[in-house]
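S.K.: This is the structure, below, for whatever I ask next.
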């Protein structure tokens, strides 16, 4: 894996405020989609801002494309794009002028063909002569993406790209982001929608109170920290959990008709244990008429981690 | 990349387009206001006034009226140019782009100054309909107008970074620049003032700007024109220094 962004010991402390980033280390690999998850005020936007030049770090180093951002900021920034969380754009400007301006700002010569390509890919070409204020919320967000893509960045930051957009548009945005990655763009996105990260990300990072709690490949994380819940509807209600099944983490419903398994410590291990449980039930002659299984989502893992972090913080 | 010329040009053209988009407010309104001054003080009252320094009253007040408009408009344009992106959040794009203080100033300040030059040209053409005048040193007049426009565009830019509300943007041009310009010899020679008002008037820096420009128009000045030039250059340098510091520290630009 070739690193495209290397953050070492990044800190941001405001004079009269809390520590927004506390010695964060993070490496982003070329070509991946990295999702940064965290509750409000966790430090996600501050982290992006520090890389993109909106926030002045209190400490640490940031290297992009092998260049030190503090020294070679012009060259590095020319290859980085940012789609902000807020709907910030000059509302009285025409769509095509706004995107053309962004391209010039990043030092590239005018290229109407490329602008047309970008606007077409985001289904904005028909709206090119409209003032941005006349577009719908979803279209405005696409304009922000078009502006960020105008200089063909190799590394693109999307800060809450689908905040406030409807489900259909969100799915459409996911397709757009997938297409950008297919074109070779490395993408770092922050999101509140865990399913967004679950759907798109190769790796996830979870940040809370300025601390990066973990960074891991998404599938590995879900396999390692995920859990399985399996409910068996018994053919004959039982008065208590059968002794033959005492080694399994089981609970019995009050009416004795449902036996529930809750396995933690990784979805793969739990899934295997459910298979063993089925064999044990058959061996013990306990019949069942239905099995209902549920695998924990990234959201469950996220909530667990953030709650654990909060408890640790309270104890400290 | 050492200097992003295309970035500076993009800001410059974008800002000029913004001015033309608001043509009535940016160009037409100040020209109309200045024309009214020429009608009242030049054509109507001017004919009954005695000459000052051998120059007809209507022609005498042209440099002052020009500055009255230029100082306010240049300051307002430059301050709004940078304040609006701060207010709406669009400044993120500027801060994340490969542009530094030089490109930003060339773009924003250059556009504000260019707009002021267009405004000055229209005002001078308009004045010729109401007042007979000629410019004694046209090249120097042009250079001085460029210098003053650049200095006050820088001042306006710094004001736009400093301001944390629309009220502050309006206070400086309306409550400081305009009164100082009115009292800075726009409509009279400060030699006409009795003591101690004449000495007090010399403390007003706008007196030196008005007289500097008046010298290029009439060849006459109430003050030493080298002091006028020095003060203008010093003000320009001070504003440029303040803005360089703002960018270096990120004061009110970066969090």
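No lab work stands behind these numbers, since they all come straight from the coordinates. Predicted model, so just to flag it, every value in this text is computed and none were measured. Every residue, glycine as well, gets a Cβ built from its backbone with ideal geometry; the counts of neighbours run over all protein chains shown.
S.K.: What is the Rg over Rh value, at two decimals, for the protein assembly as shown, using alpha-carbon atoms and the Kirkwood definition of Rh? Intermediate results must be reported in sequence, preceding the final value.
M.R.: Numbers: Rg = 33.2 Å, Rh = 28.1 Å.
That ratio equals 1.18.
S.K.: List, largest first, the extents of the alpha carbons of the range B:5-249 along their principal axes, each in whole Å.
M.R.: For the range B:5-249, the Cα extents along the three principal axes come out at 58, 35, 34 Å.
S.K.: With r defined as the distance between the Cβ atoms of residue A:276 and residue A:217 and R0 fixed at 45 Å, what FRET efficiency is calculated, to the nearest 0.05?
M.R.: Values: r = 27 Å, r/R0 = 0.60.
Given R0 = 45 Å and the Cβ-Cβ separation, E is 0.95.
S.K.: Can I ask one more? Answer rounded, prolate or oblate for the range B:100-234, using the Cα gyration tensor with square roots of eigenvalues a ≥ b ≥ c: rounded when a/c is under 1.5, else prolate when a/b is larger than b/c, else oblate. Each step should come with its number before you reach the end.
M.R.: Working: a/c = 1.76, a/b = 1.27, b/c = 1.38.
It comes out oblate by the Cα gyration axes.
S.K.: Give the angle, between 0 and 90 degrees and rounded to the nearest 10, that separates the Cα long axis of helix A:267-283 from the longest principal axis of the Cα atoms of chain A.
M.R.: Long axis of A:267-283 versus the principal axis of chain A: about 20 degrees.
S.K.: Among DSSP bridges having both ends in the protein assembly as shown, what percentage is antiparallel? Round to the nearest 5.
M.R.: On the way: 38 of 56 bridges.
That works out to approximately 70 percent antiparallel.
S.K.: Sort A:48, B:122 so the one with the fewest other Cβ atoms within 10 Å of its own Cβ comes first. Mind dumping the intermediate values first?
M.R.: Values: A:48 23, B:122 16.
Lowest to highest Cβ neighbour count: B:122, A:48.
S.K.: Could I ask something else about it? Once you have the Cα-Cα distance between residue A:284 and residue A:308, take 0.36 nm times their residue separation minus that, and quote the gain in nm to one decimal.
M.R.: Difference between extended and current length: 4.8 nm.
S.K.: For A:288, B:41, B:24, which order do you get if you count the other beta carbons within 10 Å of each Cβ and list the fewest first? Don't jump to the answer; show the numbers that get you there.
M.R.: Values: A:288 16, B:41 21, B:24 8.
Placing the least packed residue first, the sequence is B:24, A:288, B:41.
S.K.: What is the diffusion coefficient of chain A in µm²/s, taking the Kirkwood radius over Cα pairs and the Stokes-Einstein relation at 20 °C with a viscosity of 1.002 mPa s? List each step's numbers first, then the result.
M.R.: Values: Rh = 22.2 Å.
The calculation lands on 97 µm²/s.
S.K.: If you don't mind, another one. Relative to the first principal axis of the alpha-carbon coordinates of chain B, what is the inclination of helix B:101-127, with its axis defined by its Cα atoms, in degrees from 0 to 90 and to the nearest 10?
M.R.: 30
S.K.: So what is the calculated 222 nm ellipticity per residue for the protein assembly as shown, using -39500 (n - 2.57) for each DSSP H run with n of 4 or more, over all residues, to the nearest 500 deg cm²/dmol? Don't skip to the answer; put the middle values down first.
M.R.: Numbers: 22 runs with 283 residues, N = 571.
The helix-only estimate for the protein assembly as shown comes to -15500 deg cm²/dmol at 222 nm.
S.K.: Order by neighbour count: B:70, A:119, B:233, fewest other Cβ atoms within 10 Å first, most last. Could the numbers behind the result be given before it?
M.R.: Details: B:70 25, A:119 22, B:233 12.
So the ranking, lowest neighbour count to highest, is B:233, A:119, B:70.
S.K.: I've got another one for you. Rounded to the nearest Å, what's the spacing between the alpha carbon centres of the range B:21-53 and the range A:53-78? Just the number, please.
M.R.: Computed from Cα coordinates, the inter-centre distance equals 52 Å.
S.K.: Say each of residue A:262 and residue B:248 gets a label point 7 Å from the Cα, pointing the same way as Cα to Cβ; how far apart are those two points in nm?
M.R.: Placing both labels 7 Å beyond Cα along the Cβ direction yields 6.1 nm.
S.K.: Right, here's the next one. Could you state the angle between the C-alpha long axis of helix B:5-21 and the longest principal axis of the C-alpha atoms of chain B, as a value from 0 to 90 degrees rounded to the nearest 10?
M.R.: Around 60 degrees separate the two axes.
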